[in-house]
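S.K.: My questions will all concern the structure given below.
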Amino acid sequence: MLQQFGFTQYESQVYEALITIDEALDATAIVKRSGVPRSKVYDVLRRMIEKGMVLESTTEKKRLYTALPIDSAITKLKSDFNENITQLKSIQTRKKQADDRVWTLKEDQSIHSLVSELLQHSSSSIIFSGWADDIEQHLSLLAEKEAEGVIVELHSIGEIDSNLNNVTTLIPDSAHQKLERSRIVIVDNEDVLFAGIEDTSWQAIHTKSRPLVTFFTEFFYHDIALTEITRKFGSSMMEDPHLRDLLLKLRY
């Protein structure tokens, strides 16, 4: 049984030889009772003394050994085991190698399913930009996550009926030239999905690449800023032909 706690076969044999006799033994007697080779016994005894499982005494120039009492040994082993568990829990998990691969995905419903999974596994933050009817499919889950303490920020193209705290709404202008349907979902600042329509079909990329996560996060806040600027100053800016042309060319 001692071997299950990290002791060697010889260490176990020495302890058994000592604990099963009610007297101290010298090395010669231990060799006879334990079966440990004479060439190994002193090294084994030294290790067991260092581990606190064997006591040593010198009497009339003769070294004698006895085992730590069984109840004390059990208490020690329990304590050592619990300490090892504590140390194991405190070890910092080695960071996994950064995964900067970019995965592609097609088909609208598959993209929505992946969005749902990403939202479900969020733990700290969600950034979601998309058209109102796309976002509405995930509103109940977004509300649950916000109730759990996750910071949720939405940018909706079109009106959306929501009680979420951070919602910015862009009402499209019919003159916009670059207002294409798309979705951006960024979870916990480490996972991004970007989807758009190409040749009438939805296509998406999904990645943990830090540069892309940073880029799409900045892109999201770029959209927020443009929406707020347009809402507050849109009428005056639209009076300037140059500004009007620039704004209408932007892809929100």
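S.K.: Pop the C-beta distance of ILE74 and ARG38 into the FRET formula with R0 = 30 Å and round what comes out to the nearest 0.05.
M.R.: Efficiency for this residue pair is about 0.50.
S.K.: In addition: Once you keep just the Cα pairs under 8 angstrom separated by 6 or more residues, what percentage relative contact order results for region 110-219?
M.R.: About 25 percent, as a whole number.
S.K.: Provide the percentage of antiparallel DSSP beta bridges, counting only those with both residues in region 56-200; round to the nearest 5.
M.R.: Close to 55 percent.
S.K.: When only Cα pairs under 8 Å and 6 or more residues apart are kept, what is the percent relative contact order across the chain?
M.R.: Relative contact order, the chain: 15 percent.
S.K.: In region 1-74, if the dipole is taken from +1 on Lys/Arg beta carbons and -1 on Asp/Glu beta carbons about the Cα centre, which of VAL14, GLY35, MET53 is farthest to the positive end?
M.R.: Farthest towards the positive pole: GLY35.
S.K.: What is the sum of charges around ILE151, taking Lys and Arg as +1, Asp and Glu as -1, for the other residues whose C-beta is under 12 Å from the C-beta of ILE151? Show your work: numbers first, answer last.
M.R.: On the way: positive: LYS145; negative: GLU146, GLU148, GLU153, ASP188.
Neighbour charge sum, excluding ILE151 itself: -3.
S.K.: Let me ask you something else. Share of region 111-155's accessible area from carbon and sulfur, percent, 1.4 Å?
M.R.: Working: 900 of 1830 Å².
For region 111-155, the apolar C and S fraction of the accessible surface comes to 49 percent.
S.K.: Would you check the accessible area of GLU239, probe 1.4 Å, heavy atoms only, in square angstrom rounded to 10?
M.R.: Counting only protein heavy atoms, the figure is 150 Å².
S.K.: Of the residues GLU16, GLU136, GLU60, which exhibits the maximal mean-square fluctuation in a Gaussian network model of the chain defined by a 10 Å Cα contact cut-off?
M.R.: GLU60
S.K.: Once you sort the root eigenvalues of the Cα gyration tensor of region 1-88 as a ≥ b ≥ c, which label holds: rounded (a/c under 1.5), prolate (a/b larger than b/c) or oblate (the other case)?
M.R.: Here region 1-88 falls in the prolate category.
S.K.: Moving on to the next point. Stretched out fully, how many nm does the piece from TYR221 to SER201 gain, at 0.36 nm a residue minus the Cα gap?
M.R.: On the way: separation 20, 0.36 × 20 = 7.20 nm, distance 2.62 nm.
Working it through step by step, the gained length comes to 4.6 nm.
S.K.: Let me ask another. Kindly provide the pair-distance distribution of the chain built from C-alpha pairs, with 10 Å bins from 0 and whole-percent values in order of increasing distance.
M.R.: 6, 22, 18, 9, 6, 8, 11, 10, 6, 3, 1
S.K.: Let me ask you something else. Averaged per residue, what accessible area in Å² does the chain show with a 1.4 Å probe, protein chains only?
M.R.: Heavy-atom accessible area per residue stands at 63 Å².
S.K.: Can I ask one more? If one computes the Cα centroid of region 156-172 and of region 1-50, what distance in Å separates the two points?
M.R.: Their Cα centres are 76 Å away from one another.
S.K.: While we're here: Each label point is 7 Å from the Cα along the Cα-to-Cβ direction; what then is the distance between the points at ASP99 and GLN3, in nm?
M.R.: Spacing of the two 7 Å Cα→Cβ label points: 4.0 nm.
The values are calculated or read from the model by the stated rules, or taken from the named source; none is laboratory data. Predicted, not measured: the structure shown is a model, and the values here were computed from it. For neighbour counting, all protein chains shown are included, and Cβ atoms are generated from backbone atoms with ideal geometry for every residue, glycine included. Accessible surface is based on the protein model in full, side chains and every heavy atom, while ligands, DNA and RNA are left aside. Shrake-Rupley method; radii C 1.70, N 1.55, O 1.52, S 1.80 Å.
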